[in-house]
Amino acid sequence: MLSFLVLQGNATPFFSELASAFKAAGHHVRRIAFNGGDFVFSSDAIRFHGRQEALPAFLEDIVVRERPDAIILFGDCRPVHRAATEIARARNIGIWVFEEGYLRPGWITLEPHGVNGFSALPRDPAVIRARGRAPWPARQYDPHADFLRRAVYDVSYHALRLALTPFFPHARFHAAIDPFVEYAGWLRDWAGRLVRKPQAAVLPTGPFMLVPMQMEGDYQLRVHSPFHSMGQALERILASFAAHAPDTLSLVVRRHPLDPRLTDWEGLIRRRARALGVADRVYFMADGPLEPVLEACAGVVTVNSTVGLQALRQNKPVKILGQAIYEVEGLTFLGPLGRYWREACAPDAELLDAFCRMLVQEVLVEGDFFTPEGRALAVEGSVRRILSAYADKARNSCPSSVAVASI
C-alpha cells in the first residue's frame, strides 16, 4: 500500500476524484485544506488554520506522522506548495505536480519534481530526439471547452473560501489579484457589451508578429521570467520592435481570453506605440479566436506562454523572453530579441515532433480538469502514471481500472 499526501488542487472536483481513485485502489490518502474552498472540495481533510510562518512545522509534523511516499499538488509556485516541496526534497519524498496541459486542448500536465521553469525535461536536442520516439497514441475523447462549468466551480470555490474565513482566519489566497476583483472586471465588461457592440479586431494586411498576452498574476511571469508584470514585458517588446523591426512588419498584441478587464491594455499599448513612433504598425486584438491569427502571423513573441508551443506546431518562428520547457536550440530563436524581427526562422520539424512525442509519453495525460468525461479520463491516466512509478510497492494493490464518479 502506498501513502499520498494531497495538497491544493485547482477549483474543480478533480483532486477529490483523484483521491477517491487512489483509495479505491487500496492506497492511503491524506488531504490538507488551507482555506474554506479546499475544505468543501475535500471535507475529510486536515485543516491548516495557522499563519504562513507556522506552515513548515505543521507540514513536518504531518510528514513524520503520515510517512507519505509522495505529495501531490497543482502548481508548484504557490507559497504553501513551495514550503511542502522543500520538505519533500529534504526527506526524499516523491513530488507529483499537476498543471494545465503543455499541449492543448485535451491534455493535462503531470510531472514528477516540478513543472514549467522547474521541470526536469531535457533541453538537449540529442536527448529529446532519443526520448521522443514513441508512437502518437489514439485519442480517447473529443475535448471541448465548458466555460460555464469552469466559472461555476471557480465562483463556488471562492465564495466558500470567503464564507468559511472564520475557520481559516489566516488563509491568504495565492493569486496576485483577488478573484472577486476579477469577477467585478468581467461583470463590468459584460455590462458594457449590452450597451455597445464590441468592434471586430482589425488586423494588418501585411506581415505581422503576434504577441499573446499572459495573465497579469501568472506565476509564469512572476517566477519564471525577468518581468514583474505583463506591462513590463510589453514595454520591452514594443521598444525593441520600434528600434529594430523592418518598416514592413507590424505587431499584433492579443489580450488573454481570461484577462479580467481591469487594465485598459488597448489604451496603454496605443499610447506607448505613439510615443515610440510606431502607432501605425501596432494593433490590439481584444477578443476573437486564436487559431486564425496564429495561422496568419509571421511569428510569435511571448514571455513563456503555451501559445508559443502552439505556434511552433504551426511551423511559426518563436522568440521566448522568459523560461519555458520548449526553449530548445532548433525550436525557438535563441538570439537577442532585436535580431529576431529580421532573422526569425521556423523550427526544426523533426525535432519538434520528437519533443511533442516526448511530452505525451512522459508528462502529459489525456483529459481535462473541468468536464466530467475529461476528468474521468485524466484521473484514470494520472493514477496509472503515478502508480507505475512505484510498481514494485504497488503491484498487489493497483486494479486494472479505476471508476470515477463525476459531477
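The values are calculated or read from the model by the stated rules, or taken from the named source; none is laboratory data. No experiment lies behind these values; they were computed from the predicted model shown. Quick reminder, even Gly has a Cβ in these numbers, built from the backbone with ideal geometry, and neighbours come from all protein chains shown.
Is it the case, given these coordinates, that Leu268 is surrounded by 20 or more Cβ atoms within 10 Å (Cβ to Cβ), free of Cβ contacts under 8 Å to residues at least 60 places away in the same chain and over 17 Å from the mean Cα position of the chain (by Cα)? I'd like the intermediate steps shown before the answer.
Values: surrounded by 20 or more Cβ atoms within 10 Å (Cβ to Cβ): no; free of Cβ contacts under 8 Å to residues at least 60 places away in the same chain: yes; over 17 Å from the mean Cα position of the chain (by Cα): yes.
Considered against the rule, which asks whether it is surrounded by 20 or more Cβ atoms within 10 Å (Cβ to Cβ), free of Cβ contacts under 8 Å to residues at least 60 places away in the same chain and over 17 Å from the mean Cα position of the chain (by Cα), Leu268 comes out as no.
Restricting attention to the range 289-305 and to residues that are part of a strand (DSSP E or B) and among the hydrophobic types (A, V, I, L, M, F, W, C), the residue that is surrounded by the most Cβ atoms within 10 Å (Cβ to Cβ) turns out to be Val301. Here is the figure for the range 29-48: residues that are outside any loop (DSSP other than H, G, I, E, B), in contact with a Ser or Thr (Cβ under 9 Å, 6 or more places away or on another chain) and either more than 20 Å from Leu110 (Cβ to Cβ) or not assigned by the TED database to the domain that holds Gly367 (or both) total 4.
Scanning the range 128-150 for residues that are surrounded by 14 or more Cβ atoms within 10 Å (Cβ to Cβ) and hydrophobic (A, V, I, L, M, F, W, C) gives a single hit, Ile128.
Criterion applied to Val152, Val97, Val127 was being within 24 Å of Asn35 (Cα to Cα), out of contact with any Asp or Glu (no Cβ under 9 Å at 6 or more places or on another chain) and of a type in the set (A, V, I, L, M, F, W, C), and the one residue passing it is Val152. The conditions of being assigned by the TED database to the domain that holds Arg313, in contact with a Pro (Cβ under 7 Å, 6 or more places away or on another chain), at pLDDT 95 or above and at negative phi are met by Leu249.
For the range 164-175, the criterion of being among the polar types (S, T, N, Q) and assigned by the TED database to the domain that holds Phe41 is met by none of the residues.
Per-residue answers, yes or no, for (1) part of a strand (DSSP E or B); (2) over 19 Å from the mean Cα position of the chain (by Cα); (3) more than 16 Å from Phe173 (Cα to Cα); (4) in contact (Cβ under 8 Å) with a residue 40 or more places away in the chain:
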site: Gln8; (1), (2), (3), (4): no, no, no, yes
site: Phe58; (1), (2), (3), (4): no, yes, yes, no
site: Ile87; (1), (2), (3), (4): no, yes, yes, no
site: Ile95; (1), (2), (3), (4): yes, no, yes, no
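Hey, Ala324 hits all of (1) in a loop (DSSP other than H, G, I, E, B); (2) surrounded by fewer than 15 Cβ atoms within 10 Å (Cβ to Cβ) but one; which does it fall short on? Among (1) in a loop (DSSP other than H, G, I, E, B); (2) surrounded by fewer than 15 Cβ atoms within 10 Å (Cβ to Cβ), the lone unmet condition for Ala324 is (2). Is the range 274-288 home to any residue that is in a loop (DSSP other than H, G, I, E, B), modelled with pLDDT of 95 or more, surrounded by 18 or more Cβ atoms within 10 Å (Cβ to Cβ) and under 18 Å from the mean Cα position of the chain (by Cα)? The answer is no, given that none of the residues of the range 274-288 is in a loop (DSSP other than H, G, I, E, B), modelled with pLDDT of 95 or more, surrounded by 18 or more Cβ atoms within 10 Å (Cβ to Cβ) and under 18 Å from the mean Cα position of the chain (by Cα). The number of residues in the range 136-158 being in contact (Cβ under 8 Å) with a residue 24 or more places away in the chain and either of a type outside the set (Asp, Glu) or in contact with a helix residue (DSSP H, G or I) (Cβ under 6 Å, 6 or more places away or on another chain) (or both) comes to 15.
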